[in-house]
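Participant: Take a look at the following structure, please.
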């Protein structure tokens, strides 16, 4: 297994997008969630809420092990790297960082990272008792990020650096973290987060274009190294972007099936409390950049564009 990871994945030096990562569309866009600019964040919040329920299920060790039709149980080890995991660029090959644990094993970071209009935000999706915020409360948090990111205009798009060739990103990551303590903390926050979530500006015209966005969308709103990222377009399409290294696609298929059944039972709408309590706002992650990094961001965009 170590040999396979090293030579089939971690030694690849080409950009992760679109050549290595995987994507998966939100199937409810074909039924209960037709494209809608007005409901885009409502969809995104409920999608995030169901992902967090799966996160809790794994943390509590309550996911039933997969098995063959003869009852032979399969290893569930790859599910340990679905959340709180990131690929770390290196030379001559990368590594995988994961700080996920079950509840019995200890605590884990509980924040998520939201990317919007080239900005990065740190968001806590839990209430004061440690339970998941309701879907309307998550929507309010995402709405704040969307509004503030629109007001500020296009951000620097730090995530673009992760989409360069791996050797280049390894050098830029090292330089980025060496410039300031703030940069180092921000990178560690991103890499240790439960997941990434991108609020894109794109408006796909159909399901196929939405899938394309998952792998070939705006790289200023991507952190390609994250094991799992949700993508929510401005007109309500949902998809994901996932680093293939930590797990096979069946891991996300199992979660997507869980989500689909959960959301179908809810008829695709939130049926809990509609009260929106007051919580701390998401925090903008600000970076110290120099000309070397600014040029690196532009170079990454030029490399990825023809791909």
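Participant: From the list 225, 218, 200, 243, which one is crowded, with 18+ Cβ neighbours inside 10 Å, within 16 Å of the chain's Cα centre (by Cα) and within 18 Å of residue 37 (Cα to Cα)? So that I can check it myself, show each step before the final result.
Facilitator: Numbers: 225 fails: within 18 Å of residue 37 (Cα to Cα); 218 fails: within 18 Å of residue 37 (Cα to Cα); 243 fails: within 18 Å of residue 37 (Cα to Cα).
So the residue among 225, 218, 200, 243 that is crowded, with 18+ Cβ neighbours inside 10 Å, within 16 Å of the chain's Cα centre (by Cα) and within 18 Å of residue 37 (Cα to Cα) is 200.
Participant: Looking at the range 34-151, what strands (runs of 3 or more DSSP E) fall wholly within it and have at least 3 residues that are modelled with pLDDT of 95 or more and surrounded by fewer than 21 Cβ atoms within 10 Å (Cβ to Cβ)?
Facilitator: Those strands (runs of 3 or more DSSP E) span 95-98.
Participant: Which one is nearest to residue 42 (Cα to Cα), of the residues in the range 187-208 that are touching a residue at least 12 places away in the same chain (Cβ under 8 Å) and part of a helix (DSSP H, G or I)? Quick ask: steps written out before the conclusion?
Facilitator: Step one: list which residues in the range 187-208 are touching a residue at least 12 places away in the same chain (Cβ under 8 Å), which gives 187, 189-204, 207.
After this cut, where a residue has to be part of a helix (DSSP H, G or I) as well, the list is 187, 189-192, 207.
Values: 187: 29, 189: 26, 190: 24, 191: 26, 192: 26, 207: 19 Å.
Filtering the range 187-208 for residues that are touching a residue at least 12 places away in the same chain (Cβ under 8 Å) and part of a helix (DSSP H, G or I), the one nearest to residue 42 (Cα to Cα) comes out as 207.
Participant: While we're here: Kindly provide the set of residues from the range 157-186 that are more than 22 Å from residue 228 (Cα to Cα), outside any helix (DSSP H, G or I) and touching a helix residue (DSSP H, G or I) at 6+ places or on another chain (Cβ under 8 Å), ordered by number.
Facilitator: none
Participant: Assess whether residue 190 counts as being within 30 Å of residue 102 (Cβ to Cβ), modelled with pLDDT of 95 or more, surrounded by fewer than 24 Cβ atoms within 10 Å (Cβ to Cβ) and touching a strand residue (DSSP E or B) at 6+ places or on another chain (Cβ under 6 Å). Steps first, please.
Facilitator: Details: within 30 Å of residue 102 (Cβ to Cβ): yes; modelled with pLDDT of 95 or more: yes; surrounded by fewer than 24 Cβ atoms within 10 Å (Cβ to Cβ): yes; touching a strand residue (DSSP E or B) at 6+ places or on another chain (Cβ under 6 Å): yes.
When the stated conditions are applied, residue 190 passes them.
The values are calculated or read from the model by the stated rules, or taken from the named source; none is laboratory data. None of the values given here were measured: they were computed from a predicted structure. So basically every Cβ, Gly included, is an ideal-geometry build from the backbone, and we count neighbours across all protein chains shown.
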